[in-house]
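Below is one structure, written out as structure tokens; the observations come after it.
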Amino acid sequence: MAEDWATMGKAGESALPGACSNWGESTSVLGQGPSKRPKSGGESVKSTGASAVTVLDKIDQRILTRLQEDGRVSMAQLARELHISVTPCVERVRRLEKYGYIVGYRADLSPAHLGQNLLAYVQVALDRTTPEVFDRFRTAVEVLEFVQEAHMVAGGFDYLLKIRVRDMKEYRSVLSSHIACIKGVQQTHTYFVMEEVKSSSKVRVQAR
């Protein structure tokens, strides 16, 4: 794998057959990347805030914390832990779902068991910062299953992608065939993760 990283870092575009001619790529291990490039145009920041519809009390906070720990806990068990009856417990959970505090339930899978052993973060710079270019990039990325997260950011690049694939060979294919050739992508820089120290989707619950 070290040889693959070195090849990509030295060869740049030539290491990725089929890559777009106006696109440039560089790679590094996390913490060893180059300095950010200056922006040629304006910057856009996407807001993800949501207004609260209701006020959370301590029981609501405990419900949210517990369901983040185990989304399959029964309402009867949850009610016992909260020292309330089942009916108001169910009503509280439904209210939290209705007002958008709980947006879904899911199973957390093991990437290692599924052979998805390579994790990378990719900085993407676009050639123009216009609504049309942003919309085109978002539309293209949303349907890519190997992209676990995509964020518009402020700074020296436009988007940060979290990509998980099997190995370096698959990553090279993903980058050249799916990311680099999105119209408007000017440059990418890849950080390969050496060790996942902490990975969590839990949101800190506190009084508002």
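Please treat every number below as a calculation from the coordinates, not as lab data. Please read these numbers as outputs of a predicted model, since none were measured by experiment. Cβ coordinates were reconstructed from backbone atoms using ideal geometry, including for glycine residues, and neighbour counts include every protein chain displayed.
I'd like to verify a number: residues in the stretch 127-153 that are touching a Gly at 6+ places or on another chain (Cβ under 7 Å), crowded, with 16+ Cβ neighbours inside 10 Å and either under 30 Å from Ser110 (Cα atoms) or of a type outside the set (S, T, N, Q) (or both), how many?
Taking the stretch 127-153 as the starting set, the residues that turn out to be touching a Gly at 6+ places or on another chain (Cβ under 7 Å) are 127-129, 133, 136-137.
Still in the running and crowded, with 16+ Cβ neighbours inside 10 Å: 127, 129, 133, 136-137.
Narrowing further to those that are either under 30 Å from Ser110 (Cα atoms) or of a type outside the set (S, T, N, Q) (or both): 127, 133, 136-137.
Looking only at that region, the number is 4.
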(message) Conditions first: (1) of a type in the set (A, V, I, L, M, F, W, C); (2) closer than 30 Å to Glu69 by Cα; (3) more than 15 Å from the chain's Cα centre (by Cα). Leu175 passes all but one, so which condition is the exception?
(response) (2)
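When the stretch 57-72 is examined, which residues are found to be surrounded by 13 or more Cβ atoms within 10 Å (Cβ to Cβ) and either in contact (Cβ under 8 Å) with a residue 60 or more places away in the chain or not small (Gly, Ala, Ser) (or both)? I'd like the intermediate steps shown before the answer.
Step one: filter the stretch 57-72 for residues surrounded by 13 or more Cβ atoms within 10 Å (Cβ to Cβ), giving 59-68, 71.
Ile59, Asp60, Gln61, Arg62, Ile63, Leu64, Thr65, Arg66, Leu67, Gln68 - these are the residues of the stretch 57-72 that are surrounded by 13 or more Cβ atoms within 10 Å (Cβ to Cβ) and either in contact (Cβ under 8 Å) with a residue 60 or more places away in the chain or not small (Gly, Ala, Ser) (or both).
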(message) Could you check the stretch 161-202 and list, in sequence order, the residues that are within 21 Å of Gly115 (Cβ to Cβ) and of a type in the set (D, E, K, R)?
(response) Lys162, Arg164, Arg166, Asp167, Lys169, Glu170, Arg172, Glu195, Glu196
(message) Just to check your reading of the model, which residue among Tyr171, Tyr101 is within 17 Å of Tyr191 (Cβ to Cβ) and in contact (Cβ under 8 Å) with a residue 40 or more places away in the chain?
(response) Tyr171
(request) Please determine, by comparing only the residues of the stretch 91-125 that are basic (Lys, Arg) and not in a loop (DSSP other than H, G, I, E, B), which one is surrounded by the most Cβ atoms within 10 Å (Cβ to Cβ). (result) Arg92
(message) Can you report the number of residues in the stretch 126-180 which are among the hydrophobic types (A, V, I, L, M, F, W, C) and part of a loop (DSSP other than H, G, I, E, B)?
(response) 7
